[in-house]
Amino acid sequence: TEVLGIDNDEQVVQRMAAELTHAVVADATDIDALKQLGVPEFRRAVVGISENVEASILASYHLLSFGIPDVWTKANSGLHARVLTTLGCHHVVRPEHDTGRRVAHLIAGRLLDYIEFDDGYAIVKMRPPREILDRTLAEVRLRQRWGVTIVGVKRAGEDFTHAVPDTIVHEGDLIIVSGRRRQVEGFAELLG
């Protein structure tokens, strides 16, 4: 994949020159500079500017005005993210915020892994609570009782397998659970 990196700091560009196909010193908020570099021809763009909100918004605006079909932007706050989303950015990420939420869930000790999606939907890896052990998933009625779904089960020494209504979860298994964030968190609370 050919990658063009643009930064207005010459030291950053020199440091990244060996990592990228092309690295240039330029102002990403300057539409003429972007045009001269052929940026409108790209199909995907990433704006990694987050500390300078104005520069982030301007660079994102230019990329969108070129009609680039896949624009990723980094935001440093909820308001910054909302502005970028309203502007039309296709993907807005908040790495520090997202990592902080994930780590907070893992620190609590009930979850082994945690992924949350934009709309409040989460997928977690966890140990099964006693309430669901040694019965089929159909008998346990997860969706009716807790609003979650077990999508995968891993037995010791085996790979994960898809969960089906007649799957039985045993002590020592790991499970992959999906659902709305609050419901997944409530289900994890069963672990005490």
Residue-normalised 222 nm signal for the chain, counting each DSSP H run of n ≥ 4 as -39,500 (n - 2.57), nearest 500 deg cm²/dmol, is -9500 deg cm²/dmol
Counting only residues 5 or more apart in sequence or on a different chain, those whose built amide H sits under 5 Å from that of residue 70 are 45
With Cα coordinates, the longest principal axis of the chain makes an angle with the long axis of helix 95-107, in degrees rounded to 10, of 20
For the chain, the longest principal axis of the Cα atoms and the Cα long axis of helix 53-65 enclose an angle in degrees, to the nearest 10, of 80
Rounded to a whole %, the carbon-and-sulfur portion of the accessible area of the chain at a 1.4 Å probe is 51
Rounded to one decimal in nm, the spacing of the 7 Å Cα→Cβ label points at residue 35 and residue 52 is 2.1
The answer for GluC sites (Glu not before Pro) in region 1-82 that fall in a DSSP coil and have at most 16 neighbouring Cβ atoms within 10 Å is 2, 19, 51
The rounded separation in angstrom of the Cα centers of region 1-48 and region 71-96 is 20
Quick calc, the chain, dipole around Cα centre from Cβ unit charges on Lys, Arg (+) and Asp, Glu (-), nearest 20 debye, gives 960
Ordered by number, the chymotrypsin sites (Phe, Trp or Tyr not before Pro) in region 95-192 that occupy a DSSP loop and have at most 15 other Cβ atoms within 10 Å are 117
In the list (i) 27, 21, 18; (ii) 43, 21, 13; (iii) 45, 17, 15, the entry giving semi-axes √(5λ) of the Cα gyration tensor in Å computed from the coordinates is (iii)
So the angle from the long Cα axis of helix 78-87 to the longest Cα principal axis of the chain, reported in degrees to the nearest 10, equals 70
So, with points 7 Å from each Cα along the Cβ direction, the residue 170-residue 158 label distance in nm works out to 0.8
DSSP beta bridges in region 1-124: the antiparallel percent, rounded to 5, is 20
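The values are calculated or read from the model by the stated rules, or taken from the named source; none is laboratory data. Only a predicted model underlies this, so the values are computations on that prediction, with no experimental measurement involved. Cβ atoms come from the backbone with ideal geometry, glycine included; neighbour counts cover every protein chain shown. The area values use the complete protein model at the heavy-atom level, side chains included, leaving out ligands, DNA and RNA. Shrake-Rupley method; radii C 1.70, N 1.55, O 1.52, S 1.80 Å.
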